[in-house]
Amino acid sequence: MEIFRMNPDHVASVAAIELECFGKDAWSVRSVAGELDNKLALWLVALDGDTVAGYVGSQTVMDETDMMNVAVTAAFRRQGIAEKLVNALVEELKSIGSHSLTLEVRASNAPAIGLYEKLGFIQTGLRKNYYRNPREDALILRKEWKA
Ligand SMILES: CC(C)(COP(=O)(O)OP(=O)(O)OC[C@H]1O[C@@H](n2cnc3c(N)ncnc32)[C@H](O)[C@@H]1OP(=O)(O)O)[C@@H](O)C(=O)NCCC(=O)NCCS
């Protein structure tokens, strides 16, 4: 499994994994492709040969980064791929001068919360009823590092 920056060849697979994982809230092919032209965006993919197993998307303003999404397709879960993606993202972010990574996660999303806790994220807030379909609170988690 290797981690690369997302390029146009990966967009359809990333959007398909979005649909698999997030249904109606998924980013479309067009919105994922738009990130390739977005100077604030940095998206990484995990490749098994030519197959996109997962991805992480982020946007950075000044020295603060928001994680847009991280997902791994079902057949590749529990193999450390998300952990590798987020760690690779943090290393890339250090090199571009970001000092933090912040994200929202559904309060019931135990796998994702487990992932973020393992990686040293801490809860800094709670947004009541942030999500719809189904309605649910969002935990705001954040990880910071020195330059
Ligand atoms: C959350 C998700 C990205 C994890 O991907 P993954 O590649 O399976 O995760 P990893 O194998 O790297 O797991 C790393 C750690 O996360 C935690 N974790 C992962 N899956 C878990 C699960 N099903 N239950 C509990 N903890 C879990 C564990 O701490 C794990 O470490 P361990 O294997 O040493 O116990 C994946 O389940 C997924 O794509 N879910 C759907 C999309 C989603 O909800 N994304 C997050 C949106 S905020």
- Footprinting exposure proxy for Tyr130, Tyr116, Tyr55 (fewest neighbouring C-beta atoms within 10 Å first): Tyr130, Tyr116, Tyr55
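Kindly state, to the nearest 0.05, the FRET efficiency for Lys128 paired with Lys24, given R0 = 22 Å and r defined as their beta-carbon distance. Write out the running numbers ahead of the final one.
Values: r = 21 Å, r/R0 = 0.95.
Using R0 = 22 Å, I get an efficiency of 0.55.
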- Ranked on Cβ counts within 10 Å of their own Cβ, fewest leading, Leu47, Leu85, Leu93 go Leu47, Leu93, Leu85
- Item | For the chain, calculated [θ]222 nm from helices alone, where every DSSP H run of n ≥ 4 adds -39500 (n - 2.57) | -8500 deg cm²/dmol
- Measure off 7 Å from each Cα along the Cα-to-Cβ vector at His99 and Leu119, then give the distance between these two points in nanometres to one decimal. 2.1 nm
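State to the nearest 20 debye the size of the charge dipole of the chain about its Cα centre, where the only charges are +1 on K and R beta carbons and -1 on D and E beta carbons.
On the way: 17 positive and 20 negative charges, 97 e Å.
That gives a dipole near 460 debye.
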- Report, please, the projected area of the chain averaged over directions, based on the convex hull of its C-alpha atoms, in nm². 8.3 nm²
- Could I have the simple spin-label model distance between Gln59 and Arg106, label points 7 Å from Cα toward Cβ, reported in nm to one decimal? 2.2 nm
- Message: Please list, by residue number, everything in region 13-34 whose backbone N is under 15 Å from a paramagnetic label point 7 Å out along Cα→Cβ of Phe4.
- Response: 13-14
- Cα-only radius of gyration and Dmax that characterise region 10-56, units Å: 10.4, 29
- Note on the structure: In whole angstrom, the spacing between the Cα centers of region 95-122 and region 1-71 equals 16 Å
- Item | Anchor Lys94: aspartates and glutamates whose Cα lies under 17 Å away (excluding residues fewer than 8 positions away in-chain) | Asp63, Glu64, Asp66, Glu83, Glu144
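Counting each pair of different Cα atoms once, what's the Kirkwood radius of region 63-147 in Å, rounded to one decimal? Working shown, then result.
Numbers: mean 1/r = 0.0736 Å⁻¹.
This gives a value of 13.6 Å.
Bear in mind these aren't lab numbers, they're just calculated from the coordinates by the rules spelled out. Note that the structure is predicted; figures quoted are calculated from it, not measured. When we count neighbours, we look across all protein chains shown, and the Cβ atoms used for this are built from the backbone with ideal geometry, even at glycine.
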